[in-house]
Every structure is written in C-alpha cells, then in structure tokens.
Amino acid sequence: MIAIELDTDGNGHIQLPTGTRRITADSLSEARSQVITILTNHAQTNGRILNASVTTATEGTVILEVQPNGTINELDAPPQEEPIMHRAEDAPATDSTVDTAPQTVSATPPRPSAPPPQAASVMPSHEPVEQPLQETVFQAPADHSPSSGLILGDGSPAAAGARAVEAPIGRSFVKEAKDVPAEGFRGVVYKATGGLLNTGPSRREIHRRELHGRVAKPISGTRNIVYMCLKGGISKTSTTSGVGLTLAEYRPDSVLAIDTNPDAGDLADRLLGHDQVESTSPRTITDLVSALDANQIDNLTDLNRYTQTSGRLHFIAGEQDPDVSESLTADQYHAVRDTVDRFYPITLTDCGTGVTHPAMKGILERADQIVVASGWAVTGAKRAQRTLTWLHEAHDGAYKNLAENAIVVLTDTGATSKDVDRDAIIETLQHLCRDVHIVPFDAEIGKGDLISLDELRPATRQAFLEIGASIVDAL
C-alpha cells in the first residue's frame with residue numbers, strides 16, 4: 001500500500017516502493033493531479049495494479065486502486081491480501097506415469113457419428129400425413145392495440161405455436177447518462193482525462209448532493225425559524241448567520257434574517273463585518289418599525305431600504321441602542337412579520353439572550369421552528385436544557401409542540417474541558433427535542449467578526465448544511 005499525505009496548501013509526500021517523493025504545488029487540486037500522474041506512471045512502468053491511501057486535511061483518507069491501463073477506482077476499504085498461488089510445475093510429482101508420446105493430429109476433422117436410433121413410437125400405428133410447409137406471417141391484431149403485441153402464426157387462435165409477444169412500452173432509446181463527479185480525486189481524474197474516465201461521484205459527494213436537495217425542498221406559505229436560548233447563549237448569532245447563509249445559498253427562494261436582540265445584537269457584525277457596520281451605520285429594525293407606523297412600506301423596493309445583504313442572504317440589523325431596542329413590542333414584531341412575509345418565504349429571527357423582553361411573546365406566537373443554540377461547556381448545555389424544559393412547560397404547554405420539534409446546535413468553541421461528558425449531554429438533550437447537531441471548532445467563527453462560507457472549514461460548512469436540511473425537513 002502506497003501512502004500519500006497532503007496538506008491544505010498542496011504540499012506533502014508520497015511513499016513509493018522506490019523511495020519517498022516530495023509533492024509541492026500551489027493548491028490542493030494541483031497536488032492531486034501530480035499524485036494521479038505519479039501513481040499512473042508507476043503502475044504502467046511496473047505493469048501491475050497499485051493500491052494507495054491518500055490522506056488530506058479536508059477529506060480524510062481515500063483508498064485508490066490504480067491499474068496499468070490508467071483506470072483509477074476508489075475503494076470502500078483497503079484490499080485484502082491475496083493468497084499465494086503455486087505454479088503447476090512446483091506441485092509435487094505423483095506416482096502415475098504421464099504418457100508424453102507425441103500425438104498425431106489429423107489434418108481433416110473427424111466425421112460425425114451416426115445419430116442414435118429413435119425410440120419406438122408410442123403413438124397409434126397409422127402413418128402421419130405430411131403437411132405442406134406453411135409460411136410464417138406476422139399479423140397485427142385488428143384493433144392495433146400496442147398492448148396486444150404481435151401474433152406469430154397464421155392469425156387463427158387455434159394455430160399451433162401461436163403466442164403473443166409483449167413489446168416494451170415507454171422505454172427510452174437513449175442510455176441513461178452516468179453522474180459526473182465534481183469533487184475529490186474522482187473529480188480530478190474526470191477532468192484530467194477530459195471526461196474519458198468517469199468513476200462516478202463518491203458516497204461523500206452523493207450524500208452532499210442529497211443534502212442540497214433537502215435544503216432546496218419547496219415549501220408552501222411562509223415559515224419562521226427562531227434562534228433562542230435562556231439567560232444568554234453561546235454561538236447563537238453565529239449559528240443564525242451560518243445556517244442563514246447556507247439556506248440562502250442553496251434555496252431557490254429568498255431568505256431573510258431579523259435581529260431582535262434587545263442587547264445591541266451583532267448579527268450585522270457577523271454578516272457585514274464590524275468595520276463596515278461602523279462606517280455605514282445600516283438602518284435597523286427600529287427604523288423599519290417607524291416607517292411602518294408612517295405607512296411608508298408599500299412594496300419590496302420600499303422594504304429594501306431597510307435590509308442589507310450578505311451573499312444571497314438578506315437581513316434586518318438590530319438596534320444598537322439598548323434603551324430603544326427594549327421598546328420593541330409583540331405588536332410591532334407582528335407588524336414587521338406581516339410585511340416581510342409578503343416577500344420572503346423563509347425568515348430567521350435572532351431573539352437575543354433571553355425570553356423575557358416584550359417582543360418574545362409575539363416571536364414565539366409566529367414561530368414554526370425553534371433552534372436552541374449553545375456550547376459544549378456544562379453551563380451552556382444546562383442553558384439549552386432549561387430552554388427546552390421552559391418551552392415544554394411555559395403557558396400551560398402552549399409551546400410544547402415547538403419544543404418537541406426543536407433542534408439543538410452545540411458549537412465547539414475549542415475551550416471545553418476533556419472532563420465534560422459529551423455523550424451524556426447529547427443523550428439528555430435528545431429526550432427533549434427532535435435532533436441535536438454539532439458544529440466543530442472553527443477559528444473563523446471564534447474570532448467574532450465577519451462570517452463567510454468560503455472561509456469556513458469544510459467540516460463546518462457540512463455541519464451548517466446538515467442543520468439546514470434538518471430544519472427544512474420539519475417545515
């Protein structure tokens with residue numbers, strides 16, 4: 001087994017039977033192409049199949065089978081060792097004597113032997129009457145029905161050997177096109193061979209395509225996903241941003257995020273960057289409420305004066321003055337939702353650090369899905385547990401259905417003690433909600449500023465895609 005290791009910058013090494021070779025490239029994609037070339041040349045030179053394990057920081061370990069003719073297959077598991085086969089001449093001699101006298105080969109083929117005598121007839125002894133040969137005709141049924149098929153014979157129902165041949169209905173005469181890989185080593189091989197070698201997408205790529213389809217599932221009406229956590233949450237706004245950007249990226253319709261955090265919410269900082277927010281001072285939800293009170297919002301163009309964009313995600317910034325933001329009422333939130341629902345099928349509401357501010361009642365009344373965001377620390381896990389318990393019990397169980405259908409997102413901040421029993425946390429929370437998702441540690445999220453999907457680690461983007469698919473499944 002040839003071992004290959006590559007880093008995200010396109011550097012690494014390949015351990016060949018003849019020695020170790022360095023891989024130096026400008027990108028991981030270029031490094032993959034170099035590896036394919038080296039493995040193919042080595043297999044052709046030695047005239048035998050090579051097996052190689054390729055380890056990258058983004059895709060883990062992939063097992064490849066490289067054949068001398070240039071064919072490359074991705075294996076699900078390392079190949080088994082083949083048993084040693086002995087040659088015929090190495091087998092022990094027996095006591096039997098082998099006749100090695102030369103054989104004489106006839107120049108002409110042997111005459112066929114006479115056919116065996118036929119068995120005595122058990123039929124009556126009278127001589128059969130020889131019938132003239134009858135020409136076989138193909139006669140279509142009178143009603144020309146496609147499902148009736150063709151009749152072989154003279155057309156009469158009693159004709160001997162007559163049978164119906166059913167023709168396939170609706171079968172395409174064009175072969176079904178094979179899926180083309182777009183990523184990983186299979187994608188590199190497909191592009192390097194100009195499409196001549198198509199091994200199809202890997203199981204990882206197929207799963208990702210399935211997630212894309214789930215996220216893009218059509219919905220009827222409007223839906224609102226509420227992000228919340230009691231007494232302060234860890235990574236709540238980053239979860240709103242990451243999932244919102246992912247939904248907007250893969251859905252065909254428009255997605256809007258609303259920052260209702262009464263404590264100077266930072267959704268705009270995570271979607272635009274702190275420096276841009278400071279320089280542009282975007283309009284906030286308070287400005288939108290004032291415009292609604294003055295009947296100044298009649299169409300999408302009017303509404304767009306109070307929204308910002310990050311990628312394909314639209315959002316309304318939160319009020320930065322805590323004294324003003326606390327004044328947002330449930331009725332005002334209803335008015336905002338009534339307006340944005342005319343133009344946005346999906347909205348995400350970032351509720352801030354608690355559930356006691358005046359707008360919270362109106363937010364939960366208009367919620368279709370709850371996402372409880374927290375961290376791995378014991379305090380964060382207990383906050384998530386208390387939030388779900390509160391939803392189950394508050395207002396005589398008015399929010400029980402939201403709690404049972406809720407999703408919990410636990411984000412690894414990189415500072416969690418090894419003594420924390422993560423399995424116990426997951427098991428406890430799973431009894432209170434529908435699903436629990438894990439977002440791995442990512443320095444881009446931990447820095448507390450602008451979040452861009454392109455800058456996140458592949459594992460983090462995958463986690464946000466899984467969360468988005470789980471949310472849409474329940475809408």
Starting from the 7 Å offset along Cα-to-Cβ, what nm value, one decimal, do you get for the label separation of His13 and Thr58? 2.4 nm
Please list, short to long, the whole-number percent of alpha-carbon pairs of region 2-75 in consecutive 5 angstrom bins beginning at zero. 3, 17, 29, 27, 17, 5, 1
Roughly how many nanometres apart are two label points built 7 Å out from the Cα toward the Cβ at Asp449 and Arg386? 3.3 nm
How much FRET efficiency would the formula 1/(1 + (r/R0)^6) give for Ile206 and Asn295, where r is the Cβ-Cβ distance and R0 is 60 Å, rounded to 0.05? 0.70
Is any residue of region 256-287 close enough, with backbone N under 20 Å, to a label point placed 7 angstrom from the Cα of Ile219 along the Cα-Cβ axis, and if so, which? 256-261
Hydrodynamic radius of region 218-474 per Kirkwood, over alpha carbon pairs, in Å: 18.3 Å
Taking H placed 1.01 Å from N in the peptide plane, check which residues at least 5 places from Thr411 or on another chain put their amide H under 5 Å from its amide H. Ser374, Gly375, Trp376, Val439
Excluding Leu410 itself, calculate the net charge of residues whose Cβ lies under 14 Å from the Cβ of Leu410, where each Lys or Arg counts +1 and each Asp or Glu counts -1. -3
Relative contact order (percent, whole number), region 2-75, Cα cutoff 8 Å, 6+ residue spacing: 27 percent
Length added when fully stretched, Arg434-Asp338, from 0.36 nm per residue minus Cα-Cα: 31.7 nm
How would region 247-296 be classified by its alpha-carbon gyration tensor: rounded, prolate or oblate, with rounded meaning a/c under 1.5 and the a/b versus b/c comparison settling the rest? oblate
Quote to one decimal, in nm, the extra length available between Asn69 and Asp26 on full extension: 0.36 nm per residue of separation minus the C-alpha distance between them. 12.6 nm
One computes Rg over Rh for region 197-284 from alpha-carbon atoms, with the Kirkwood Rh, and obtains 1.09
From the backbone phi of region 431-448, what are the Karplus-calculated ³J(HN,Hα) couplings (6.51 cos²θ - 1.76 cosθ + 1.60, θ = phi - 60°) in whole Hz, Gly and Pro given as x? 6, 10, 9, 8, 7, 10, 10, 10, 9, x, 5, 8, 4, 5, 7, x, 6, x
With just the Cα atoms defining each centre, how far is region 11-40 from region 283-344? Give it in Å. 54 Å
Starting from 0.36 nm per residue, how many nanometres of slack lie between Ala182 and Val378 once their C-alpha separation is accounted for? 66.5 nm
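Here, each number is a calculation from the coordinates, and none is a lab measurement. All of these numbers come straight from a predicted model, not from anything done at the bench. Neighbour counts are summed over all protein chains in view; Cβ atoms, including those assigned to glycine, are modelled from backbone coordinates with ideal geometry.
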